[in-house]
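Report on the following structure.
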Amino acid sequence: MTAIRMVSSVLLLVLMQSGALCARRFRGGRNPQPRRAPPPPTYRADRGDTTESFPLDFTAVEENMDNFMTQVKNLAQSLYPCSAQKLDYDMKLNFLENTSVTCNDGSPAGYYLKESRGSRRWLIFLEGGWYCFNKENCDSRYETMRRLMSSSKWAQTKTGTGILSPLPEENPHWWNANMVFIPYCSSDVWSGATAKTEQNGYAFMGSLIIQEVVKDLLTKGLDNAKVLLLAGSSAGGTGVLLNVDRVAELLEGLGHTGIQVRGLSDSGWFLDNKQYHCTDCVDTVSCAPTETIKRGIKYWGGVVPDKCKQTHEGEEWNCFFGYRVFPSIKSPVFVVQWLFDEAQLTVDNIQLTGQPVQEGQWRYIQNLGIELRNTLKDVPAMFAPACLSHEVITRNYWIDVQVKGTSLPRALHCWDRSLHDNRNNKAPPKGCPVHLIDSCPWPHCNPTCPTIRDQFTGQEMNVIQFLMHMGFDVQKMAQQQGMDPSKLLGMLSSGS
């Protein structure tokens, strides 16, 4: 049996390499965004330890040779002849069996699914897209962003990118998982549990949509899962924090106690801080974050985790802010958060287009990074680059961004390993960090940050051009850092 496993392992490695080559051919037709050359990999452990790399993922077929060989057979069939066919990478649209759980306008809610037979890992992704909090701005949202409130024009298929990609070169650790994408059509930060009525005109059922998707997936193989990762970006990232324990409790209540439920929250860790300058509360952009959530949770009939609700009884809006809800979450959660999040700056009324940023705005932006660091310091598993951006895990450049020499896919892989080792009472792996946060003090001081483009010309901006646009004073900053201005300019030019 050992010899068979060795042969099978070699066969799978060859097929994976072939698959990556074929994938590169087909990928060219997908119009990918330009990608910077990735920094040199830094996966080798110090002092002669064994090399840390992305190994073949055998967890999907662990202790089940039949499933293992089925996966190898399916992969081989899909790659022959790889040059003569377009591989079917797309997720397919499915509407919920329970038709009473709907989008805002009463149209059926649903999900996109790409099954990976033989795999016991499932990734369910919650889409983001802001929210609305009263009838007036929900009516406006319905006119301008109907796709986020209705399923009437959803496409029949969807191609996954980033952590939803089926390509090992783009998604080295989760490429062979069962992929599920739940479109955001409830406008309630995935918290609502209210049906459509004549009075409000809209349904807000985000939390119920997640529950029903999980129930439907149990009939499609989720019942045999080993790991379920509930992931999401922006409003979907906040939705993960609000719903990951509810999903775990649902599965446990249905008798599926063997499924390990985990969360991955991307760009959903917002602060309830004071705006740079206050404006009238008209929509989600002009209102202070606390005010919109206070109004929204009542309008949506929003549901928050029980323990957080008990802690903030009467002020449940607190549970929509990561650092307040996180202590109440029982499931393991990995937090991904840009230290200078564009959505946070937008609701804080910091405008980054047009004229250079004023000194007061520059101080506010730097303080935002400090505040975010402080709220994240006690989060065991997290990845926080000092970049000005929003969302990352479904971007095709997600593999390029690093913190202290470790990429996000690598950090997630280390997190998976640490959780597995903890369950088996093993020591955590060496040279495999899971708590990664930049310490440099200004936006885009990390040289692996995504490329910034001028809002008007579309041209790429280097670090110095960007910082000058932000109102960066080289002389003053050099003085604060106790160094010569020319030396500081040289460090910025080299990306140090």
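The values are calculated or read from the model by the stated rules, or taken from the named source; none is laboratory data. On a predicted model such as this, the values are computed, not experimentally measured, just so you know. Every residue, glycine as well, gets a Cβ built from its backbone with ideal geometry; the counts of neighbours run over all protein chains shown. Remember, those area values only see protein heavy atoms, side chains included, never the ligands or the DNA or RNA. Shrake-Rupley method; radii C 1.70, N 1.55, O 1.52, S 1.80 Å.
Annotations
- Global geometry of segment 291-437, whether rounded, prolate or oblate, following the gyration tensor of its Cα atoms and the 1.5 cut on a/c: oblate
- What the phi angles of segment 92-108 give under the Karplus curve with 6.51, -1.76 and 1.60, with θ = phi - 60°, is a coupling list of 9, 6, 10, 8, 5, 5, 7, 6, 7, 9, 10, 6, 3, 8, x, 6, x Hz, glycine and proline written as x.
- Rough spin-label spacing in nm, given labels placed 7 Å along Cα→Cβ, for Lys430 and Glu291: 5.6
- Amide H partners (placed H, <5 Å) of Gly110, local residues excluded: Leu96
- Euclidean distance between Cα centres, segment 184-260 to segment 97-141, Å: 9
- Taking all protein chains together and a 1.4 Å probe, the residues Asp400, Asp88 rank Asp88, Asp400 from largest to smallest accessible area.
- Of Arg121, Arg423, the order by accessible heavy-atom surface (1.4 Å probe, DNA, RNA and ligands excluded), from most exposed downward, is Arg423, Arg121.
- Accessible area (Å², per residue) of segment 316-394, counting only protein heavy atoms and a probe of 1.4 Å: 34
- Taking all protein chains together and a 1.4 Å probe, the residues Asp421, Asp378 rank Asp378, Asp421 from largest to smallest accessible area.
- Leu251 contributes about 0 Å² of solvent-accessible surface, heavy atoms of the protein only, 1.4 Å probe.
- Once all protein chains are placed together, Arg246 keeps about 70 Å² accessible to a 1.4 angstrom probe.
- Between the alpha-carbon centres of segment 392-415 and segment 286-308 there is a gap of 31 Å.
- Relative contact order, percent, segment 132-270 [alpha-carbon distance under 8 Å, six or more residues apart]: 17
- 5 angstrom amide H check on Ile452, placed H, neighbours 5+ away: Met461
- The calculated FRET efficiency for Thr159 paired with Phe95, based on their beta-carbon distance and R0 = 30 Å, is about 0.95.
- In segment 307-407, a dipole from Cβ-located charges (positive for Lys and Arg, negative for Asp and Glu) runs towards its positive end, and of Leu372, Trp362, Cys308 it is Cys308 whose Cα lies farthest in that direction.
- Efficiency of FRET from Cβ geometry, Glu342 and Lys196, R₀ 41 Å, rounded to 0.05: 0.80
- Convex hull of Cα atoms in segment 217-341, direction-averaged projection (nm²): 8.8
- Solvent-accessible surface (1.4 angstrom probe) belonging to Thr311, in square angstrom, nearest 10: 100
- Long pairs among Lys92/Lys330; Lys135/Lys274; Lys153/Lys309; Lys309/Lys426, criterion Cα-Cα beyond 30 Å: Lys92/Lys330; Lys153/Lys309; Lys309/Lys426
- Label zone (Ser439, point 7 Å along Cα-to-C-beta; backbone nitrogen cut-off 18 Å) within segment 363-389: 369-379, 382-387.
- Two-site FRET efficiency, Asp421 against Asn224, from Cβ-Cβ distance with R₀ of 41 Å, rounded to 0.05: 0.95
- Rounded to the nearest whole Hz, the Karplus-based 3J(HN,Hα) values (6.51 cos²θ - 1.76 cosθ + 1.60, θ = phi - 60°) of segment 404-414 follow the sequence 6, x, 10, 7, 5, x, 5, 4, 5, 5, 4, with x at glycine and proline.
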